[in-house]
Structure formats: structure tokens, C-alpha cells
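Here the structure is laid out as C-alpha cells; the discussion comes afterwards.
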Amino acid sequence: MQKIAADSGVVFIVDEVQTGGGGTGDMWAHSHWNLDSPPDIVTFSKKLITGGYFYKEHLRVKEGYRIYNTWMGDPTKLFLLQKVVEVVKRDDLINKT
């Protein structure tokens with residue numbers, strides 16, 4: 001699928017809202033796919049407490065912008081996410097899935 005997306009000139013997006021966070025034995029389910037390079041965009045939420053996405057540098061917009069969603073205005077979610085990641089690493093939870 002990644003090659004088809006690249007050959008077609010479209011971005012390759014992986015939705016990790018359900019699968020991200022270590023439940024597959026790796027932090028990201030797409031890590032098991034043996035991709036030639038990371039996806040262009042990866043979305044996440046649920047187990048990671050907050051919603052967001054990662055993207056490749058070539059997709060960065062040149063001007064500032066805002067995204068409005070249900071998580072806006074709640075920076076405490078970032079503190080909770082830090083603790084979740086800390087516990088996952090400390091207790092080696094990904095290797096125990």
C-alpha cells in the first residue's frame with residue numbers, strides 16, 4: 001500500500017488510534033509491517049490519552065494554523081501521556097504483550 005500511495009503521489013496515512021500504544025508488541029502496529037520508510041502520517045489517540053498525529057517534514061505547513069478538536073485546551077492530557085509512557089518503559093509492558 002505504501003508503494004501504491006507513493007506511485008500515485010498521495011500520502012500514506014496509518015491510523016493508530018486503536019492500535020498505537022504498545023498493544024501489538026511494539027509501540028506502533030505499523031512497525032510490524034516492514035515498511036521501507038515510516039508512514040507519511042501516523043494518527044494516535046485512545047491508549048495515548050490525547051489525540052494527535054506525527055508527520056514527515058515535507059508535509060509541514062509554512063504558516064501557523066490551529067486544529068480544533070475535542071482535546072483542545074486540556075494540557076493536562078500531556079502530563080498523563082508522559083506518565084503512561086514512563087510506566088510502559090519502566091515496566092517493560094510492550095515486551096509483555
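Values in this text are rule-based calculations from the coordinates and carry no lab data. The structure displayed is predicted, hence computed values, not measured ones. Because the Cβ atoms are built from the backbone with ideal geometry, glycine has one as well, and the counts that use them run over all protein chains shown.
Structure notes:
- Whole-number D in µm² s⁻¹ for the chain, Kirkwood Cα-pair radius fed into Stokes-Einstein, 25 °C, 0.890 mPa s: 163
- Relative contact order for the range 2-96: 26 percent, from Cα pairs under 8 Å spaced at least 6 residues apart, divided by residue count.
- Pairs of Lys residues in the chain are counted when their Cα atoms are under 26 angstrom apart and they lie 8 or more places apart or on different chains; the count is 17.
- Helical runs (DSSP H, four residues minimum) scored at -39500 (n - 2.57) apiece and divided by the length of the chain put the mean residue ellipticity at 222 nm at -7000 deg cm²/dmol.
- Cα→Cβ-extended label distance, 7 Å offset, between PHE79 and ALA5, nm: 3.5
- Sites counted here are trypsin sites (Lys or Arg not before Pro) in a DSSP loop (not H, G, I, E or B) having no more than 12 other Cβ atoms within 10 Å; the longest part of the chain that contains none of them is 1-59.
- Cut-off of 10 Å, at most 16 other beta carbons, DSSP loop: longest stretch of the chain lacking such chymotrypsin sites (Phe, Trp or Tyr not before Pro): 1-64
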